1. In the chain, which whole DSSP H runs stretch at least 27 Å along their own axis (Cα) and average 0.5 or higher on the Kyte-Doolittle scale?
2. With charges set only on the Cβ (+1 for Lys and Arg, -1 for Asp and Glu), what does the dipole of the chain come to about its Cα centre, in debye to the nearest 20?
3. Rounded, prolate or oblate: which fits region 156-266, taking a ≥ b ≥ c as square roots of the Cα gyration tensor eigenvalues, rounded meaning a/c under 1.5, else prolate when a/b beats b/c?
4. Count the lysine pairs in the chain whose Cα atoms sit under 19 Å apart, keeping only pairs 8 or more residues apart in sequence or on different chains.
5. For region 2-262, what are the per-bin percents of Cα-Cα distances with bins 5 Å wide, up to the bin holding the maximum?
6. Determine the principal axes of the Cα atoms in region 1-134, then give the extent along each, sorted from largest to smallest and rounded to whole angstroms.
7. Among 178-185, 144-151, 162-169, what's the highest-first ranking by average C-beta atoms within 10 angstrom per residue?
Amino acid sequence: MLRQRIITAAWLAPLMLAGLFGLQGGAFAAFTAAIVLLAAWEWTNLAGVAEQNQRLALVAGLAVLMLLFWATGAMLAVWPLWLALVGWLANLYWVIHYPAKGEQWQSTLLRLCMGVLVLLPAWVGFNILRDAGAVWLLFVLLLVWGADIGAYFAGRAWGRRKLAPRVSPGKSWEGVLGGLAVTFLLALIFAAWQGLGMGGGVALVLATAVVTLVSVLGDLVESMLKRYRGIKDSSNLLPGHGGVLDRIDSLTAAVPLFALLSLGVL
């Protein structure tokens, strides 16, 4: 398993970095759309759609919607980010009350709607951040990765109090604090690098704390859906790593919120 993880990472990491930071405009939009559509394929399974042709049709429908966004300029609009905010507030409620409130979202149609509200704004957020320059796209990627690393090591060392035992028994509040510590340092480094000053630095630290917590929610929502479906990974598209959603679940929550905050809307 470890050998397969290393082999997959060896080709996947350079490809992702080249696409995210080497492309711009329409090419970047197409690259990120491909990632989102792969995740959408996996989401149809999480939603309970088993028939392959139906899954393909649903993914094609999302692709058409993304083309409309690109053609109309909505791929850089703010309103999908606000929709994402509403969607993630609902997801937070469902995670907190899992499994008691499961009947509110467990129909296939509602799970598909959840997927649209998760994946489409994430694509919009990626494009807004890339349009503003590569620096803040890099920041939010490092934020999510740093939060994951900090949570992993802090959780292993000190994890005692379970964060959401019914959804993801391995996560702890101590792990969350470890992730926050790492992203706090990251925010200070970026604030100094970008010359944000005291006010800008404080704003970035506060925004980073919020986005870090929301990134944890992204992971928990996918875990909730997988637990309900009785599966371990969203797919086996990435040998040794599970599926695309397993790699970007935290980003789907963090990216649209950080894009919203970076625009000074909140």
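1. The qualifying helices are 2-22, 25-46, 52-72, 108-131, 134-158, 173-193, 197-229.
2. On the way: 17 positive and 11 negative charges, 139 e Å.
Charge dipole, the chain, about its Cα centre: 660 debye, nearest 20.
3. Values: a/c = 2.36, a/b = 1.72, b/c = 1.37.
Taking the square roots of the gyration eigenvalues as a ≥ b ≥ c, region 156-266 is prolate.
4. Numbers: Lys101/Lys226; Lys162/Lys171; Lys162/Lys226; Lys171/Lys226; Lys171/Lys232.
So the count of such lysine pairs works out to 5.
5. That works out to 1, 6, 12, 17, 19, 19, 14, 7, 3, 1, 0, in percent per bin.
6. 45, 43, 32
7. Values: 178-185: 20.2, 144-151: 21.8, 162-169: 16.6.
The most tightly packed comes first, giving 144-151, 178-185, 162-169.
Bear in mind that the values in this text are calculations on the coordinates, not laboratory data. All of these numbers come straight from a predicted model, not from anything done at the bench. Every residue, glycine as well, gets a Cβ built from its backbone with ideal geometry; the counts of neighbours run over all protein chains shown.
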